[in-house]
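Everything below concerns the one structure shown next.
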Amino acid sequence: MSAVLDHPGDHAHGHAHDHPSGWRRWLYATNHKDIGTMYLWFSFAMLLVGGVNALLLRTELFQPGLQILRPEFFNQLTTMHGLIMVFGAVMPAFVGFANWQVPLMIGASDMAFARLNNFSFWLLPVAASLLIVSYFVPGGATAAGWTLYAPLSVQMGPGMDLAILALHLMGASSIMGSINIITTILNMRAPGMPLMKMPMFCWTWLITAYLLLAVMPVLAGAVTMVLTDRHFGTSFFNAAGGGDPVMYQHIFWFFGHPEVYIMILPAFGIISEVIPTFARKPLFGYSSMVYATASIAILSMIVWAHHMFTTGMPVTGQLFFMYATMLIAVPTGVKIFNWVATMWRGSMTFETPMLFAVGFIFVFAIGGFTGLIMAVAPLDIQIHDTYYIVAHFHYVLVAGSLFALFSGTYYWIPKWTGHMYDERLGKWHFWASMITFNITFFPMHFLGLAGMPRRYADYPMQFADFNAVVTIGAFGFGLSQLIFLWMVIRCIKGGAKASDRVWENAHGLEWTVPSPAPFHTFETPPVVK
Amino acid sequence: MKPKRMADALAVAVLGGWASIAAAIGDMPGGPKVNQLNLTAPVTRIAEEQHWIHWFVMWICVAIFVAVFGVMFYAVWKHRKSRGHAPASFHESTAVEIAWTVVPFLIIVGMAIPATRMVVEQKDTANADLTVKATGYQWKWGYDYLKGDGEGISFLSMLSTPRDQIEDRNYPDAKARREQNPTYLMEVDNPLVVPVNRKVRVVITANDVIHAWYMPALGVKQDAIPGFVRDTWFKAEKTGVFRGQCAELCGKDHAFMPIVVDVRTEADYLKWVEEKKKEMLARTDDPTREWQLADLNARGEKVYAANCVACHQANGKGVTGSFPALDGSKVVLGKSQAQLDVVLHGRPGTAMAPFRQLSDVELAAVVTYTRNAWGNKASDNVVQPSEVTAARR
Ligand code: HEM
Ligand SMILES: [Cu+2]
Ligand SMILES: [Cu+2]
């Protein structure tokens, strides 16, 4: 009997018996909530794997000298830490949120392409396995940095080929995910919900999905050229054969800079949902937030060479990319001003989602400011490729993307599990993360200004104290995330029953369905007034 | 308290009174200070301007930060439900939106103006008094004096911190040794020597992968790109020894290829040029002469230590999985022609770079050395420089 006939289309009996249970429920999953759950668990597992990589290399950096790692293995760890965090942890986590929340927020019964959705997810564990297996092939994992600059990446062993394959799979997964999200948002909104009334989270994801479609194929192109340079005698990036190593960087960053916005725009969306709820006040400027998001996305396609100020661009090139990059600070500022104006004269309470949201604005802004400082090309000559950069992108990616993911998890987990999480654990998690995050990453600004280059396995004695502080902070931050894991497990197992609306001032369709959200929701579209 | 003292105190407080390693050793002459908080003390006008613009943009950022978060935390404090604050319901204001778009834009224009002037200045490498070429190798720098006093001088510059200060696993007293060395990891055998108050143009390239020539005190960082030349410049206004490091990930020993620039008075510089030229003359070898095995071996050991140990290791065993062993290697024990071919042209797509830049004598010596060292006993065990000369063609 065909799968289609298995679904009699008669919804009156409910669905408890017509979807598989046990492992089949997950392997054959087509339900957006199940797939969303898998994305979220997968990304959390990758967060832990990437975290272990980071803690290993921080252990080596605790003191000057080489204690536990050989430099070549150290480089593998930095590379894999970056790749796993970006492609394994942050990006899939946001797709997990999109899966759970987009249909619930626009009143759709599921994602547009259920089986494609299944396939997008299941590519990820395969890709992750390739990355992890690559540690064990001769020569180990790729050690060329997450940016995989040629010709260093051309020198690597077979670990590099596995990484390229993994990137292709993760890229394909992202592209399919984006197609699904775009189609769902454009076609399956509830009647009465025009685009300009759609929740901000859906807007940011819609724009992000277009960015993904635009740049993931570019990354695929870049790594494929590395692959053919490695094995098939091409010389895209080899000067001896007429190629140019710097061309790799242009192609990579044409993907890479929009990529960083792919990792932050959905975070902006989450924060824009959370702040109005806990300020008990509507978002200050909805339409200007939409326009700011769109202009950030568009500008993000023309700033890539700010990662390349030291490659020796001509004056006009440096000036163009400096101006364009500084310009991005304007719409970014608009977002921050809007959130603050939303809080202004509200009636605020500070449950954990709000704590993480306020914490996000505060620390993300620091990362935004260092971004502006680095955008000043003549100054970036000093700080490029030092720990200052490492500080900058952890302020925007950990305190930015990751804190927003935490905020969103605390915000929606009562809807997902039907239980309230333990507020005390949430507060502990927030304060522990916030404090240890800053102990870990703030001193890196000093190290970078003082000239400590990044991706160094060993460093001069004069940098010893800050490095020791950073390592201690890093262990604290890593351990703090176990509080989060414990909170999630307890929340799944039990806890106070969550009401449908969960939060006093929560608006949006997701709060009109029961908690936990039943397996099928909005089978008849709700009407938005 | 000075900011630096505060940083020390903070470090000690966080570490619970753990003795500061950095403070014990003191500032590095010409390098980073203990717990340095800001950019390195400038020695060129460019570096000085970088300091200035850093403070300039930073104070603007701090001011905006304080203003925005002053407002936010005021709201966090006053406008909470627990204090009985009732929510307002205002939203959407085109005037406000325009204001907070236009004002930041103007601030940014204000930042961009001085920055533009500086970009133009930094890129102006014309009219140099001295031109040197810096070449990045895995993992050392090579310098060639191309134009100006000292033209023709050429040498390699390598980390001089011994391995027994670095590798705790192999040397149990490494820690004690490096804690006596204030220039740990930022010292070299042959520094780049330049005259003070002269415009020095540095032409930069690389032999294998991308490196970056980074000198904080001079305000210079330029990627070294294999197959391409890029340039930058500096004009040091103080004499002294200044230190920097490679700033672009270039493989295993990325952290171990520092840069040292020794800025001397004009007279001292010219004296150095004289000496260096004499020294080079004394060292030129005659590649047509027939060499003895013992001489080749002795010379080859030095060449090996300078160029090959990083990967193939002192014991010739390589690193399993990454770098092949030479001890017992088929290539080394086979025909000398084939080995010369690998050494001259490298193995494309691997870390094995071409070593064409070495002289015929050096190549003959190192090939001979590997064919006789460790357990190796190759049949044609002596390679003469003339054979290298022939193989190059
Ligand atoms: C106001 C907004 C921002 C500006 C002006 C800005 C500017 C810059 C600049 C100029 C660099 C290059 C620095 C160098 O390598 O010398 C950089 C690096 C980086 N930025 Fe940002 N940035 C901003 C926001 C963000 C956001 C939102 C993210 C991610 C969520 C982000 C992630 C990164 C990452 C990952 C790198 C380093 C990549 C690498 O070299 O490995 N930035 N940023
Ligand atoms: Cu960027
Ligand atoms: Cu390097």
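The values are calculated or read from the model by the stated rules, or taken from the named source; none is laboratory data. Here the structure is a predicted model, which means the values were calculated and not measured. We place every Cβ from the backbone using ideal geometry, glycine too, and count neighbours over all the protein chains shown. Side chains are part of the model used for accessible areas, which takes the heavy atoms of the whole protein and leaves out ligands, DNA and RNA. Shrake-Rupley method; radii C 1.70, N 1.55, O 1.52, S 1.80 Å.
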B:Gly334 versus (1) away from ligand 1 (no atom under 16 Å from the Cβ); (2) under 30 Å from B:Pro182 (Cα atoms): which is the lone unmet condition?
(2)
Counting just the residues of the stretch B:132-158 that are more than 19 Å from B:Glu275 (Cα to Cα) and polar (S, T, N, Q), which one comes out farthest from ligand 2 (Cβ to nearest atom)?
B:Thr135
Out of (1) part of a helix (DSSP H, G or I); (2) farther than 20 Å from A:Trp122 by Cα, the one A:His168 does not meet is (2)
Mind listing whichever residues of the stretch A:103-120 are under 17 Å from A:Ile175 (Cβ atoms) and buried (at least 24 other Cβ atoms within 10 Å of the Cβ)?
A:Met111, A:Asn117, A:Ser120
If you check A:Ser300 against the conditions, is it in contact (Cβ under 8 Å) with a residue 40 or more places away in the chain and within 12 Å of ligand 2 (Cβ to nearest atom)?
yes
Is it fair to say A:Leu69 is within 30 Å of A:Leu152 (Cα to Cα), at pLDDT 90 or above and over 24 Å from the mean Cα position of the chain (by Cα)?
yes
If the requirement is being surrounded by fewer than 22 Cβ atoms within 10 Å (Cβ to Cβ) and either more than 8 Å from every other protein chain (Cβ to nearest Cβ) or at positive phi (or both), which of these qualifies: A:Val330, A:Val290, A:Val315?
A:Val290
Residues in the stretch B:344-362 that are at pLDDT below 85 and among the β-branched types (Val, Ile, Thr) total 1
Condition first: in contact (Cβ under 8 Å) with a residue 12 or more places away in the chain, out of contact with any Leu (no Cβ under 9 Å at 6 or more places or on another chain), facing chain A (nearest Cβ under 8 Å) and open to solvent by less than 80 Å² (accessible area, probe 1.4 Å). Can you find one or more residues in the stretch B:64-80 that meet it?
yes
Does B:Ala365 qualify as being open to solvent by less than 30 Å² (accessible area, probe 1.4 Å) and not charged (D, E, K, R)?
yes
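Based on this model, can you work out whether A:Gly285 counts as of a type in the set (Gly, Ala, Ser), modelled with pLDDT of 95 or more and more than 16 Å from ligand 3 (Cβ to nearest atom)?
no
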Within the stretch A:342-359, of all residues that are within 10 Å of chain B (Cβ to nearest Cβ) and open to solvent by 10 Å² or more (accessible area, probe 1.4 Å), the one farthest from A:Phe437 (Cα to Cα) is A:Arg345
Quick one: A:Phe362 ticks every box in (1) within 12 Å of another protein chain (Cβ to nearest Cβ); (2) more than 16 Å from ligand 2 (Cβ to nearest atom); (3) buried (at least 24 other Cβ atoms within 10 Å of the Cβ) except a single one, so which number is it?
(3)
Which numbered condition A:Ile275 misses (of (1) within 14 Å of ligand 1 (Cβ to nearest atom); (2) buried (at least 23 other Cβ atoms within 10 Å of the Cβ))
(1)
B:Asp164 fails exactly one of (1) within 14 Å of chain A (Cβ to nearest Cβ); (2) in contact with a strand residue (DSSP E or B) (Cβ under 9 Å, 6 or more places away or on another chain); (3) at pLDDT below 95, namely (2)
Please enumerate the residues belonging to the stretch B:170-179 that are over 12 Å from A:Pro460 (Cα atoms) and of a type outside the set (Gly, Ala, Ser).
B:Asn170, B:Tyr171, B:Pro172, B:Asp173, B:Lys175, B:Arg177
Yes or no: the stretch B:271-279 includes at least one residue that is aromatic (Phe, Trp, Tyr) and touching a strand residue (DSSP E or B) at 6+ places or on another chain (Cβ under 7 Å).
yes
Conditions: (1) farther than 19 Å from B:Pro258 by Cα; (2) within 11 Å of another protein chain (Cβ to nearest Cβ). B:His211 meets all but one. Number of the miss?
(1)
Just one of A:Thr386, A:Thr370 is within 14 Å of chain B (Cβ to nearest Cβ), closer than 30 Å to B:Glu248 by Cβ and within 16 Å of ligand 3 (Cβ to nearest atom); which is it?
A:Thr386
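How about the stretch A:452-467: which of its residues are more than 16 Å from ligand 2 (Cβ to nearest atom) and assigned to a loop (DSSP other than H, G, I, E, B)?
Correct list: A:Met452, A:Arg455, A:Tyr456, A:Ala457, A:Asp458, A:Tyr459, A:Pro460.
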Please count how many residues of the stretch B:169-194 are open to solvent by less than 40 Å² (accessible area, probe 1.4 Å) and either over 23 Å from B:Tyr214 (Cα atoms) or within 14 Å of chain A (Cβ to nearest Cβ) (or both).
9
Scan the stretch B:370-382 and give yes if some residue there is in contact (Cβ under 8 Å) with a residue 40 or more places away in the chain, open to solvent by 20 Å² or more (accessible area, probe 1.4 Å) and among the aromatic types (Phe, Trp, Tyr), otherwise no.
yes
For the stretch A:228-247, give me each residue that is more than 7 Å from chain B (Cβ to nearest Cβ), of a type in the set (A, V, I, L, M, F, W, C), within 19 Å of B:His211 (Cβ to Cβ) and surrounded by fewer than 20 Cβ atoms within 10 Å (Cβ to Cβ).
A:Met247
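Restricting attention to the stretch A:336-378, report how many residues are among the acidic types (Asp, Glu) and within 15 Å of ligand 1 (Cβ to nearest atom). Outline the logic, then answer.
Going residue by residue through the stretch A:336-378, those that are among the acidic types (Asp, Glu) are A:351.
Now restrict to residues that are within 15 Å of ligand 1 (Cβ to nearest atom): none.
Adding up the residues that qualify gives 0.
Looking at the structure I just gave you, is A:Ala297 away from every other protein chain (no Cβ under 11 Å), open to solvent by less than 20 Å² (accessible area, probe 1.4 Å), more than 19 Å from B:Ala75 (Cβ to Cβ) and touching a Pro at 6+ places or on another chain (Cβ under 9 Å)? Working first, answer last.
Numbers: away from every other protein chain (no Cβ under 11 Å): yes; open to solvent by less than 20 Å² (accessible area, probe 1.4 Å): yes; more than 19 Å from B:Ala75 (Cβ to Cβ): yes; touching a Pro at 6+ places or on another chain (Cβ under 9 Å): yes.
It is true that A:Ala297 is away from every other protein chain (no Cβ under 11 Å), open to solvent by less than 20 Å² (accessible area, probe 1.4 Å), more than 19 Å from B:Ala75 (Cβ to Cβ) and touching a Pro at 6+ places or on another chain (Cβ under 9 Å).
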Against the conditions (1) within 30 Å of B:Ala212 (Cα to Cα); (2) small (Gly, Ala, Ser); (3) within 13 Å of ligand 1 (Cβ to nearest atom), where does A:Gly333 fall short? Just the number, please.
(1)
Kindly evaluate A:Phe268 against the criterion of being within 20 Å of A:Lys197 (Cβ to Cβ), within 12 Å of ligand 1 (Cβ to nearest atom) and not in a loop (DSSP other than H, G, I, E, B).
yes
